[in-house]
Amino acid sequence: MKHLVLGGVRSGKSAFAEAQVVAGEKPVTYVATSQVWDEDMAERVRLHQQQRPPEWQLIEEPLALAKVLDALNSPRQAVIVECLTLWLSNLLCLEDEARLEQEKQALLRAVAMFKGDLVLVSSEVGLGIMPINALARRFADEAGAMNQALAKLTDRVTLVAAGLPMPLKSTF
């Protein structure tokens, strides 16, 4: 089962995504893509850590996400990735177009080949106004394209708003 969970900031997407893997019987690995740049982000990370079950394995990887997914690829494994838009931000900040394209393509391949349970968390950034600066527009374009590509590769897609899950796609 591959599941893409979308939502805005503080929409409840993380709690919903975590509940999806808790319901299963497989050991869970939580792949965190965030980098702590300030106190606010440190507090957000701390809160997420407190909410997760202590038996979950944690892997922190801000860039080489596909490599991690390839290493965890097993039918006996459940993996949650939080969050793809932070991962995308990390790559955009490198200002290395070749690396960005390589990592995006590698991620799509890794998701397509993944044999275990995989829950991908990503922000839906396309519901607001057109961003005013070029980097913000680029981010929105890249995130939108990534979410569309992942939606095609996953069995389920759920949009979470105000803590309420709204199924967009289910192939079973």
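None of 125, 121 is surrounded by 16 or more Cβ atoms within 10 Å (Cβ to Cβ), in contact with a helix residue (DSSP H, G or I) (Cβ under 9 Å, 6 or more places away or on another chain) and modelled with pLDDT of 95 or more except 121. Contact map, region 152-172: first residue of a type in the set (Gly, Ala, Ser), second residue part of a strand (DSSP E or B), Cβ cut-off under 6 Å, separation 6 or more or different chains; pairs are 170/156.
Do we have any residue at all in region 90-105 that's in contact (Cβ under 8 Å) with a residue 40 or more places away in the chain, surrounded by 14 or more Cβ atoms within 10 Å (Cβ to Cβ) and closer than 14 Å to residue 119 by Cα? Among the residues of region 90-105, not one is in contact (Cβ under 8 Å) with a residue 40 or more places away in the chain, surrounded by 14 or more Cβ atoms within 10 Å (Cβ to Cβ) and closer than 14 Å to residue 119 by Cα, which makes the answer no.
When we screen 28, 21, 36, 5 for residues that are surrounded by 15 or more Cβ atoms within 10 Å (Cβ to Cβ) and modelled with pLDDT under 95, the only hit is 21.
Might you check whether a residue that is among the aromatic types (Phe, Trp, Tyr) and either in a loop (DSSP other than H, G, I, E, B) or under 19 Å from residue 29 (Cβ atoms) (or both) occurs anywhere in region 135-152? No, the conditions are met nowhere in region 135-152.
Being farther than 21 Å from residue 3 by Cβ, in contact with a Pro (Cβ under 8 Å, 6 or more places away or on another chain) and basic (Lys, Arg) holds for only one residue in 137, 76, and it is 137.
Considering only region 31-57, state which residues are part of a helix (DSSP H, G or I) and of a type in the set (Gly, Ala, Ser). The answer is 42, and nothing else. For region 26-61, residues that are in contact (Cβ under 8 Å) with a residue 12 or more places away in the chain and among the aliphatic types (A, V, I, L, M) total 6.
The values are calculated or read from the model by the stated rules, or taken from the named source; none is laboratory data. These numbers were taken from a predicted model, which means no experiment stands behind them. Glycine gets a Cβ as well: all are built from the backbone with ideal geometry, and neighbour counts include every protein chain shown.
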